[in-house]
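The block underneath contains the structure these notes are about, expressed in structure tokens.
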Amino acid sequence: MTTQVLEFLKLSDRDRRKADAAAKLGRGDRFEVLIRQESGVDLRVELPAVASEAIQTLLEHLVNGQRVAILAEDQEISPNDAAEILGVSRPLVVHRMDVGDLPFRYVGKHRRAKLKDVLTLKARLDAQQEALDALAEDTESLMRDHGL
């Protein structure tokens, strides 16, 4: 039985329309949160700039209909979650772990990788794909322009 650490959230169309105004705030705008406690007391809290920027980025993605997950970079995730982030199969993630491309540790019999290591691997794979795409484009250009 596997448990999912990685949980994606998505807004309904109705909620997307409600949140649209907040997503259009300018960079540097600050957020103030109203917390209504069970006792009926209202607290207003102004969020620090970093938290405001994180919330704005989150809202922009949600309003655009994207699914979003919030994780800490030191959080450990399963090979299934890593596969979803990397856009590859779970067996390929396990292979990357076995050959040393993705650091991991065992928790009992289960493998766990840190999110930051998965994101580092994703950045490396994305850079390799960009290089391959550029090479393919150059090859097509040579074939088209020079008959090679």
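Read the figures in this text as sums done on the coordinates, not as results from a lab. No experiment lies behind these values; they were computed from the predicted model shown. Note that each Cβ is placed from the backbone with ideal geometry, even for glycine, and that neighbours are counted across all protein chains shown.
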- Consider the candidate values (i) 2, 9, 17, 20, 18, 13, 9, 6, 3, 1, 1, 0; (ii) 2, 8, 12, 12, 13, 12, 12, 11, 9, 5, 3, 1, 1, 0, 0, 0; (iii) 2, 8, 14, 16, 15, 15, 12, 8, 5, 3, 2, 1, 0; state which one is P(r) over Cα pairs in 5 Å bins from 0, in percent computed from the structure displayed. (ii)
- Note on the structure: Helix 49-63: inclination vs the chain longest Cα principal axis, degrees, rounded to 10, gives 70 degrees
- Note on the structure: Going residue by residue through segment 141-146, the Karplus relation 6.51 cos²θ - 1.76 cosθ + 1.60 with θ = phi - 60° gives ³J(HN,Hα) values, rounded to whole Hz and with x marking Gly or Pro, of 5, 4, 5, 6, 8, 10
- Task: Please state the charge dipole magnitude for segment 28-85, taken about the Cα centre, from unit charges on C-beta atoms (+1 on K and R, -1 on D and E), reported in debye and rounded to the nearest 20.
- Result: 260 debye
- Task: Report the charge-dipole magnitude of the chain in Debye, nearest 20, computed about the Cα centre from +1 at each Lys and Arg Cβ and -1 at each Asp and Glu Cβ.
- Result: 580 debye
- Net charge dipole size for segment 86-148 [Lys, Arg +1 and Asp, Glu -1 on Cβ; Debye, nearest 20]: 920 debye
- How high is the relative contact order of segment 13-63, in percent, with contacts defined as C-alpha pairs under 8 Å that are six or more residues apart? 45 percent
- What residues have an amide H closer than 5 Å to that of ALA69, excluding those fewer than 5 places away on the same chain, when H is modeled at 1.01 Å from N in the peptide plane? LEU9
- Mean Cβ neighbour count within 10 Å, used as a protection proxy, ranking 138-144, 53-59, 120-126 highest first: 53-59, 120-126, 138-144
- Message: If each DSSP helix of 4+ residues adds -39,500 (n - 2.57) and the sum is divided by the residues in the chain, what number results at 222 nm, nearest 500 deg cm²/dmol?
- Response: -16500 deg cm²/dmol
